[in-house]
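The values are calculated or read from the model by the stated rules, or taken from the named source; none is laboratory data. Every value quoted in this text rests on a predicted model; they were computed, and no experiment measured them. Cβ placement follows ideal geometry from the backbone for every residue including glycine, while neighbour counts extend to all protein chains displayed.
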Amino acid sequence: MRKITLQTPLDMHIHFRDNEMLNLVAPLTAKTFSGAVIMPNLVPPVTTKEAVVSYKQRILKAIGDEKFEPFMTLFFQKYNKEFLESVKDDILAVKLYPAGITTNSESGVSSIDSVELKETLDAMVELNIPLCVHGETNGFVMDREKEFMPVYESLARDFPKLTIIMEHITTKDAVELLDKYDNLYASITLQHLIITLDDVAGGMLKPHLFCKPIAKRYEDRDALLKVAIEGHPKVMFGSDSAPHPKHKKEACGCAAGVFTAPIALQVLVDLFDKNNALDNLSAFISENAFKIYDINPPKKEITLVEKEFTVPSSYSNETENVVPMYSDEVLAWSIQE
Ligand code: NCD
Ligand code: ZN
């Protein structure tokens, strides 16, 4: 039986939610990852030092004894330098959402304009705080990310010292932009390396594969897969695992988000293996992120074995029930207990 040991895997974009959902999902990530970047789109969003600190405490409580570092983020608003200085040591990055573009982003930014956001972004440069961006316009759903590219370009040009992470990129256009600006980086999810819009809506509608940004065309998926498996130094794994209760996914008006936390590593190993790229997996799931963010998470070894794993139909506790990607399907690799 083949085995592979991963050193300090990281998930650079995840939704842990709060309360009972947090208690259900956080341990699943903490079991297989050494650290993760925690998204701030709670209700209300995480916008104060107190909110960051207390959310981190709730996360640490939810994961118990597991060795795991939650890298906290602040929901972007216009902040002044004094405030950012006070919160700098508690966060890894600030996450910018265009207003209303995705789950719980109503209080996001309505006009992403370098002049308008200058005070905040200048302060972030000075304090060396990276900016993570959900890059979509409110245009036609398949073109939203492509239409956002000029916004990334002006941010990258106007703030050349700002580290900008294009979160969960889904298009060839975003991949091409990476090499054009030194200060642009990207995270890529699991599902966008594998599926296209065909898998979501080409046959029977698959609500559990519906997320923002929506999966795109074959040429987009192939461009994402190429940079991931070559270990391109500017891309890193960020699952965007986004749990919603089953009744909110299997509904008329399906919530956006794919829940991949408990299967991400197993599927990534299989995907890199099938592409003869296992040697580059550690760049994608840890080393690139170490360098991009200059972080030093707790060391952790995770061993996977080439042994079948049947994905549970759902993960639940007393109040929550969430369906993972590949529910009831058999994966080729499992986590060694
Ligand atoms: C995320 C969520 O549910 O919080 N949903 C999603 O489809 N990815 C928000 C986000 O990252 O866009
Ligand atoms: Zn997300």
Checklist outcome for this item: ASP179 vs (1) within 15 Å of ALA223 (Cβ to Cβ); (2) surrounded by 16 or more Cβ atoms within 10 Å (Cβ to Cβ): all pass except (2)
Item to check | Residue in region 89-100 that is farthest from ligand 2 (Cβ to nearest atom), counting only those that are touching a residue at least 12 places away in the same chain (Cβ under 8 Å) and farther than 15 Å from CYS132 by Cα | outcome: ASP90
Checklist outcome for this item: Considering residues that are at pLDDT below 95 and over 20 Å from VAL311 (Cβ atoms), the number found within region 1-60 is 0
Next on the checklist: Being more than 19 Å from the chain's Cα centre (by Cα) and not in a helix (DSSP H, G or I) is the requirement here; does LEU155 meet it?
Outcome noted: no
Checklist entry - What is the residue count in region 316-337 for residues that are touching a Phe, Trp or Tyr at 6+ places or on another chain (Cβ under 8 Å) and either under 11 Å from LYS246 (Cα atoms) or of a type in the set (Asp, Glu) (or both)? => result 4
Checklist entry - Listed residues LEU96, LEU127, LEU121; which is in contact with a Lys or Arg (Cβ under 8 Å, 6 or more places away or on another chain), at pLDDT 95 or above and under 20 Å from ALA156 (Cβ atoms)? => result LEU127
Checklist entry - Pick from GLU337, GLU329: which is closer than 16 Å to LEU190 by Cβ and free of Cβ contacts under 8 Å to residues at least 24 places away in the same chain? => result GLU329
Checklist entry - Do we have GLU85 as acidic (Asp, Glu), surrounded by fewer than 21 Cβ atoms within 10 Å (Cβ to Cβ) and within 22 Å of SER54 (Cα to Cα) here? => result yes
Checklist entry - Which ones in region 175-191 are within 16 Å of ligand 2 (Cβ to nearest atom), assigned to a loop (DSSP other than H, G, I, E, B) and polar (S, T, N, Q)? => result THR189
Next on the checklist: Just the residues that are assigned to a strand (DSSP E or B), surrounded by 14 or more Cβ atoms within 10 Å (Cβ to Cβ) and in contact with a Ser or Thr (Cβ under 8 Å, 6 or more places away or on another chain), please, taken from region 282-320.
Outcome noted: ILE302, LEU304, VAL305, PHE309
Checklist entry - Inside region 1-67, counting only strands (runs of 3 or more DSSP E) that do not spill past its ends, which hold 2 or more residues that are in contact with a helix residue (DSSP H, G or I) (Cβ under 7 Å, 6 or more places away or on another chain), within 16 Å of ligand 1 (Cβ to nearest atom) and closer than 28 Å to PHE284 by Cβ? => result 10-14, 35-38
Checklist entry - Considering region 228-259 alone, what residues qualify as being aliphatic (A, V, I, L, M) and more than 19 Å from ASP179 (Cβ to Cβ)? => result ALA242, ALA251, ALA255, ALA256, VAL258
Item to check | Selected residue (criterion: farthest from the chain's Cα centre (by Cα)) from residues of region 249-260 that are within 16 Å of ligand 2 (Cβ to nearest atom) and not hydrophobic (A, V, I, L, M, F, W, C) | outcome: LYS249
Item to check | Meets criteria (free of Cβ contacts under 8 Å to residues at least 24 places away in the same chain and away from ligand 2 (no atom under 15 Å from the Cβ)) for SER111 | outcome: yes
Checklist entry - Is it the case that region 265-273 has a residue that's within 16 Å of ligand 2 (Cβ to nearest atom), modelled with pLDDT of 95 or more, surrounded by fewer than 19 Cβ atoms within 10 Å (Cβ to Cβ) and of a type outside the set (S, T, N, Q)? => result no
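Residue by residue, here is whether (1) within 15 Å of ligand 1 (Cβ to nearest atom); (2) part of a loop (DSSP other than H, G, I, E, B); (3) buried (at least 21 other Cβ atoms within 10 Å of the Cβ); (4) not β-branched (Val, Ile, Thr) holds:
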| site | (1), (2), (3), (4) |
| --- | --- |
| ASP89 | no, no, no, yes |
| ILE101 | yes, yes, no, no |
| GLU106 | yes, yes, no, yes |
| VAL115 | no, yes, no, no |
| ASN138 | yes, yes, no, yes |
| VAL151 | no, no, no, no |
| ILE165 | yes, no, yes, no |
| ASP173 | no, no, no, yes |
Checklist entry - Which residues, counting only those in region 203-229, are within 16 Å of ligand 2 (Cβ to nearest atom) and either aromatic (Phe, Trp, Tyr) or touching a Phe, Trp or Tyr at 6+ places or on another chain (Cβ under 7 Å) (or both)? => result PHE210
